[in-house]
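Engineer: Submitted below is the structure of interest, expressed as structure tokens.
The values are calculated or read from the model by the stated rules, or taken from the named source; none is laboratory data. None of these values were measured; they are calculated from a predicted model. Virtual Cβ from ideal backbone geometry, glycine too; neighbours counted across all protein chains shown.
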Amino acid sequence: MKILIADDEEYSREGLVESVDWDSFGIDEIMQAVNGQEALQIAKWFHPDIVLTDIRMPKMDGIDFASQLLEFCKNCRIIFISGYMEIEYLKSAIRLSVVDYIEKPVDVSALRQALTKAVADVREAQAHRQAEADHREVRLQRLVSLLCTQNSDMQTVEALAKEAAFPLNTQYVCVIVQYPIRKPPTPEELSRLLAILQSRQGKAIGKYDRERLQLQAVLSFRQEKQYQLPSIYQEVLEAFPNAVLGVGTEADAFQNISHSFRAASDAVNCAFYIEDHRFFRQDQKQTRRQTMEPGLYGEFLQLLSQEPHKLPEWGEALFNTLRKNPFCPKVQVYTLLATLLSALFHRYPELYSWRPEIDNEDQLHSCLFSMETLSQIQAFWTEVLAQTQSVSQEKAGYSRIVQGALDYIAQHFDKKDLSIAQIAEHLHFSPTYLNVLFKQEMKVTIKQYLSSYRLERAKQLLERDFDKVTEVSEKCGYANANYFAKVFREATGMAPAEYRRSRG
């Protein structure tokens, strides 16, 4: 909060500054002026919340100063001080609705009371203005949503447009600015963007979709100003080099804005497929959104179970097909790939130990949805398939029964009560026979393998810094953290925390 103290007597000003604990009032900026004229000049750029001013000053007295101040600083709170308690001054103070009128020499307790009231008034006014601004913003965002939605209530649209001073008798175009996941926009950047969109004698309203990281804006313009639109788009691209711009078709009536919005959505969707472009505009001839081919998941499952060696070739063909359909909503691609990868990780649970940031299906999906282009997803897909082949080759020399046991352990090693009996029951063999067969092929017992497997998974989890040791213990199926620490120290010679530090 800011205060301006105006008094022609220096000792009086300094006394006021020194006698009050300004921090206790939330006042952190103080300016001083030697007369009303200087105070007025300072106030024009300082914009004080509170003014403490003497009435009798040279060049311009406090009454004239306060009168002119309130013309451009209407929310300022004024406290008068004076050594002359004259009736005319009191009348002027009442007319100007000042907070208080304090006689000189100033009683500090009276000044504190006046400041308490002034600060309360300022905060109440600020809260009221913020509430009004929030209310206007909510109604403005509702207007944008209604304009961008087909078959909206036109009566409501007209009422909100009138309130927002948004014209309903011009030309329109929808613009969507897509921001990257790694760098979402600040409120200041969003305000600057809207300012650019309406900098050519147009009117722009917009709302920020936090889930999609998009500013969705409606730009109104007169037909004779249509030629300026390309320069506006170029200015946006230059001002925000990390953003992608999608522009819809132009609408000649506000009832058709929803068609422009849909076209802008389709246009910006293309950035997912074509990563070397930043400006997209839907072709007028493109009127239908494309969708996924049915049966892809069935094809994938059949190959996964019968001919997994053909998956790389099948995947290459899949991504080539996806690139030919840039108007297919990218959410469909994410959904399809999430389903395919989940099936792949379920078939080869060892993949969860491949990357330290992926140890369950939720984290797999989070990793996938953090990728912003089809090329990034394809690169990840290729890495997963390569890892799958590596896992398959490791298991190639084992019998079907032992491979089943290995898969079951990889899927259930986090269960504290996992036992040989459970594994054998799942595979429909006796525990004794399974253990003998397992040791013949693996050269270790199932119990030894399970212990070793849990230990290796624990090491992988410890090498990332966001899992607590107790959480690592739980995720790896140990009875409790103390037992985990004991087993870990016996195997490595270090406590879990020491091992983490040794890995940086």
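Engineer: Against the condition within 18 Å of ARG212 (Cα to Cα) and either assigned to a loop (DSSP other than H, G, I, E, B) or without any contact (Cβ under 8 Å) to a residue 60 or more places away in the chain (or both), how does PHE327 come out, does it pass?
Structural biologist: yes
Engineer: Please enumerate the residues belonging to region 129-182 that are closer than 29 Å to LEU237 by Cβ and of a type in the set (Gly, Ala, Ser).
Structural biologist: SER145, ALA161, ALA164, ALA165
Engineer: Here's a check for you: in region 270-287, which residue that is out of contact with any Lys or Arg (no Cβ under 6 Å at 6 or more places or on another chain) and buried (at least 22 other Cβ atoms within 10 Å of the Cβ) is modelled with the highest pLDDT?
Structural biologist: ALA271
Engineer: How about region 288-307: which of its residues are modelled with pLDDT of 85 or more and either surrounded by 14 or more Cβ atoms within 10 Å (Cβ to Cβ) or among the aliphatic types (A, V, I, L, M) (or both)?
Structural biologist: Across region 288-307, the qualifying residues are LEU296, PHE300, LEU301, LEU303.
Engineer: Which one is modelled with the lowest pLDDT, of the residues in region 330-369 that are aromatic (Phe, Trp, Tyr) and assigned to a helix (DSSP H, G or I)?
Structural biologist: Here the answer is TYR352.
Engineer: Might you check whether a residue that is surrounded by fewer than 16 Cβ atoms within 10 Å (Cβ to Cβ) and acidic (Asp, Glu) occurs anywhere in region 478-493?
Structural biologist: The answer is yes, given that some residue of region 478-493 is surrounded by fewer than 16 Cβ atoms within 10 Å (Cβ to Cβ) and acidic (Asp, Glu).
Engineer: Return yes when ASN435 is in the same structural domain as GLY404 (by TED's automatic domain parsing) and loosely packed, with under 13 Cβ neighbours inside 10 Å and no when it is not.
Structural biologist: no
Engineer: Starting from region 61-72, keep only residues that are in a helix (DSSP H, G or I), then list their pairs with residues that are surrounded by fewer than 17 Cβ atoms within 10 Å (Cβ to Cβ) and aliphatic (A, V, I, L, M) whose Cβ atoms are within a distance under 7 Å, requiring at least 6 positions of separation or different chains.
Structural biologist: Final answer for the pair search is ALA66/LEU96; SER67/LEU96; LEU70/LEU96.
Engineer: Among the residues of region 1-54 satisfying the criterion of being among the aliphatic types (A, V, I, L, M) and assigned to a loop (DSSP other than H, G, I, E, B), which is farthest from ALA120 (Cα to Cα)?
Structural biologist: This residue is VAL34.
Engineer: State all residues of region 453-498 that are touching a residue at least 40 places away in the same chain (Cβ under 8 Å), part of a helix (DSSP H, G or I) and either among the charged types (D, E, K, R) or assigned by TED's automatic domain parsing to the domain that holds TRP354 (or both); if no residue qualifies, say none.
Structural biologist: Result: ARG454, GLU456, ARG457, LYS459, GLU474, LYS475.
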